[in-house]
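The structure appears below as structure tokens.
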Number of protein chains: 2
Amino acid sequence: MSIPEGFQEITSTMPPLAQVNPYGPNPSDYLSNVSNFQIIESTLREGEQFANAFFSTETKIEIAKALDDFGVDYIELTSPVSSEQSRKDCEAICKLGLKAKILTHIRCHMDDARVAVETGVDGVDVVIGTSQFLRQYSHGKDMNYIAKSAVEVIEYVKSKGIEIRFSSEDSFRSDLVDLLNIYRIVDKIGVNRVGIADTVGCANPRQVYELVRTLKSVVKCDIECHFHNDTGCAIANAYTALEGGAKLIDVSVLGIGERNGITPLGGLMARMVAANREYVLSKYKLHKLRDLENLVAESVQVNIPFNNPITGFCAFTHKAGIHAKAILANPSTYEILIPSDFGLTRYIHFANRLTGWNAIKSRVDQLNLNLSDEQCKEVTNKIKKLGDVRPLNIDDVDSIIKDYHADVSTPMFKPKRNGILKIPHDLPPLDDELGKRPRYG
Amino acid sequence: MSIPEGFQEITSTMPPLAQVNPYGPNPSDYLSNVSNFQIIESTLREGEQFANAFFSTETKIEIAKALDDFGVDYIELTSPVSSEQSRKDCEAICKLGLKAKILTHIRCHMDDARVAVETGVDGVDVVIGTSQFLRQYSHGKDMNYIAKSAVEVIEYVKSKGIEIRFSSEDSFRSDLVDLLNIYRIVDKIGVNRVGIADTVGCANPRQVYELVRTLKSVVKCDIECHFHNDTGCAIANAYTALEGGAKLIDVSVLGIGERNGITPLGGLMARMVAANREYVLSKYKLHKLRDLENLVAESVQVNIPFNNPITGFCAFTHKAGIHAKAILANPSTYEILIPSDFGLTRYIHFANRLTGWNAIKSRVDQLNLNLSDEQCKEVTNKIKKLGDVRPLNIDDVDSIIKDYHADVSTPMFKPKRNGILKIPHDLPPLDDELGKRPRYG
């Protein structure tokens, strides 16, 4: 047992913990907006395209107010030409006087633009398919037609004095030269931002970074990005887009949208707070995230996914023995997010066979009992033994500890128990806090 | 309305659709294993650290067989020193004669190694914390101690003729020089693979790519990666790790694990099948994914998340009018995955106010009715009008269409209806296929 010849002894040169944030913004990304991003919240547009979504006017207003209170920069609404009520709802939300700017999302067409600018929105998000798939099977137009329509719509919206974004659709399956051409045209006219949309959810992070970097060298305006989550990369793609110089990210609450949706607001917050906690805390009321998610989940009749970032029921629950031990010493050992930033609580799940004696010792202390380390190890083995037989809950563990404590404290005055523990059976499988909810979404 | 001066007319130079896979492997990644990766399936190790998990022996065997049938390359099991039953279960699974290689996961310690090699496993995965956080608050050892322990354990496991992996823990918060030093030492001894672990879920994709690329220049052995999902990047990080030259990815079914878990098997399959469909289909039985997820979800008492990649209830449901129109013409317009690859079905959700007349025309055809395009547009407006008032289902739409058809076909013989439609109320909010499940996880 020795280090092979030719290798130096290892000495750590790591600076003090507090100064280290290796997962923060990359200093080599000089165009990065990781610490200077904005959110275009699209629950009331993309989210309305979620299979389960039917938002009444009252619900839309409630969601818009909650989003505004959370601190999103923009709120995007369904096109007013989708239906009569969609138009009225758009007008109603514009009149609420929210801090967030109100946008509506339309096809690149004068018919839509004329209706949109009359609703009172602060800006219009225009989109048109640019991939050969969409040009062939959706609108059937060529790139010259797209460019001419775009110029007409953009000049019209600008003449009304409101913001305008031009986005391609299915950008990652579009021809790069076509894309750069059209973006340069609209930038020259003077749009507020151009949009890149991964409409089918095919993009991967390094590809996103490359496209954003390339586009950044072609246009002066801001870049907005929209990522679907079909292949599970919507949060990561948003992050790399910001690293590459994009400034605005489209999100929805819980990511609801077409198919399995887009970048979720909560997931993006998790990513961004890990990168620059101060910036995120200064802009967004993270402690309102859970209520916001519950509001939207209720209105579209879904449960919060069990594995949701931040608000999943066990996002801050630590179970394995070595994890629990370290968390008790310093939560940063196994946590990159701080639960209290979100108004949430950390749990140690020690009622199971993977538990370790450090966690049990901590529980012994909580119960105001006095056991030595050796005794804690012995009682931990008893807990593991029962944990091998069936799921445990916190009462099981407490009973075993109290019973053991009584045995070792007053050996003379207690009847022999023959190893039988007084444990109520048929209890819920988890500890008290978790056991309240019998099945998780 | 014209293209500004100085801009060329745009001509598309896009090659035919079938030859284009811009979201496939990047040709510049000459070390990429995107088309040559392996899966280490850890539902029975990392997954057992999920708050809700209690796997009986029978359940473990059922899950192991299902994973093997799916085609995973390795199955990783809980350390045999966790509890007496954990050791027995490990031995039992080794005796099943599965095609997949069986691994167990232990601390970097001879006490654990001696027990592990006696269980009959094909390999041992050794892990030790290397970040200053873990060195200070978990095991309390310095890098020299870690290196010496590693050498001893690795040589012992190798002497038993089974596979050995050495992994650091919390790799992305570890000092880079420390990491490369220890990896070079263990590579020189001759491990089968070294592991990088994003234990706290802080890593981002480009950072992963850089670390893997750097490590690839230091070691000859394979590289395995393990990503937690706290900040929503576990799938993307796995993909960029493969791009950088990692070969093996740790996953669990539905991503279950500590906190909100790790890279999910299904999500990784979605990502990889988008990159190289032939390779993935040749190795893994994707049509068994849903049953596998249901088996694990049931055993840990969770629902499949509503937005799960591939198997989320609406992952292949298209709603907005322009989406539905294009999907009817060619599903690839808005789908990067093919539902039938997974034994699943595509849905068009046309019973809502966002619907378009192309989708309604398609429904008219399905009902064997005959309406002109203009008539389809008119009936679509009626559907939108009711869709503004309340959620619709497929029966609502069919009633409106049939009623309209009867009106326009036999105007003389029908009593005046005054716009009142015969639509049953109190129906479930969605179309038939979706409406069967009243609330989604």
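Tabulated values for the structure
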quantity: Close pairs (9 angstrom Cβ cut-off, 6 or more residues apart or separate chains): at positive phi in the range B:281-301, open to solvent by less than 70 Å² (accessible area, probe 1.4 Å) anywhere; calculated: B:Gln301/A:Tyr440; B:Gln301/B:Asn52
quantity: Residue satisfying all of: in the range B:313-324; touching a residue at least 40 places away in the same chain (Cβ under 8 Å) and not β-branched (Val, Ile, Thr); nearest to the other protein chains (Cβ to nearest Cβ) among these; calculated: B:Cys314
quantity: Top-ranked residue in the range B:131-161 [being assigned to a loop (DSSP other than H, G, I, E, B) and within 9 Å of chain A (Cβ to nearest Cβ); ranked as modelled with the lowest pLDDT]; calculated: B:Ser131
quantity: Exclusive hit being open to solvent by 50 Å² or more (accessible area, probe 1.4 Å), under 22 Å from A:Ser79 (Cα atoms) and either at pLDDT below 90 or assigned to a helix (DSSP H, G or I) (or both), set B:Lys382, B:Lys402, B:Lys414, B:Lys422; calculated: B:Lys382
quantity: Every residue from the range B:338-351 that is open to solvent by 10 Å² or more (accessible area, probe 1.4 Å) and either at pLDDT 90 or above or part of a strand (DSSP E or B) (or both); calculated: B:Ile338, B:Ser340, B:Asp341, B:Gly343, B:Leu344, B:Tyr347, B:Ile348
quantity: Test for B:Asp89: is it at pLDDT below 90, buried (at least 16 other Cβ atoms within 10 Å of the Cβ) and in contact with a helix residue (DSSP H, G or I) (Cβ under 6 Å, 6 or more places away or on another chain); calculated: no
quantity: Odd one out for B:Arg390, checked against (1) surrounded by fewer than 21 Cβ atoms within 10 Å (Cβ to Cβ); (2) closer than 20 Å to B:Asp407 by Cβ; calculated: (2)
quantity: Flag if A:Arg346 is more than 8 Å from chain B (Cβ to nearest Cβ), in contact with a Pro (Cβ under 7 Å, 6 or more places away or on another chain) and charged (D, E, K, R); calculated: yes
quantity: A:Val296 more than 7 Å from every other protein chain (Cβ to nearest Cβ) and either among the hydroxyl-bearing types (Ser, Thr, Tyr) or under 19 Å from the mean Cα position of the chain (by Cα) (or both); calculated: yes
quantity: Members of the range A:58-115 that are in a helix (DSSP H, G or I), charged (D, E, K, R) and in contact with an Asp or Glu (Cβ under 8 Å, 6 or more places away or on another chain); calculated: A:Lys60, A:Glu84
quantity: Complete set of residues in the range B:187-240 that are charged (D, E, K, R) and in contact (Cβ under 8 Å) with a residue 24 or more places away in the chain; calculated: B:Asp187, B:Arg193, B:Asp198, B:Arg206, B:Glu210, B:Arg213, B:Lys216, B:Lys220, B:Asp222, B:Glu224, B:Asp230
quantity: Considering residues of the range B:92-112 that are over 27 Å from A:Val389 (Cβ atoms) and more than 11 Å from chain A (Cβ to nearest Cβ) only, the residue most open to solvent (accessible area, probe 1.4 Å); calculated: B:Lys99
quantity: Tabulated pairs, the range A:258-275, first facing another protein chain (nearest Cβ under 9 Å) and farther than 10 Å from A:Ile235 by Cβ, second modelled with pLDDT of 95 or more and in a helix (DSSP H, G or I), C-beta under 6 angstrom, 6+ apart or interchain; calculated: A:Gly261/A:Gly255; A:Val273/A:Val280
quantity: Residue match in the range A:120-130 (condition: open to solvent by less than 20 Å² (accessible area, probe 1.4 Å) and assigned to a helix (DSSP H, G or I)); calculated: no
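The values are calculated or read from the model by the stated rules, or taken from the named source; none is laboratory data. Because the structure is predicted, anything quoted here is derived from the model rather than measured. Ideal geometry is used to build each Cβ from the backbone, glycine not excepted, and the neighbour counts take in all protein chains shown. What goes into the accessible areas is simple: the full protein's heavy atoms, side chains included, and nothing from ligands, DNA or RNA. Shrake-Rupley method; radii C 1.70, N 1.55, O 1.52, S 1.80 Å.
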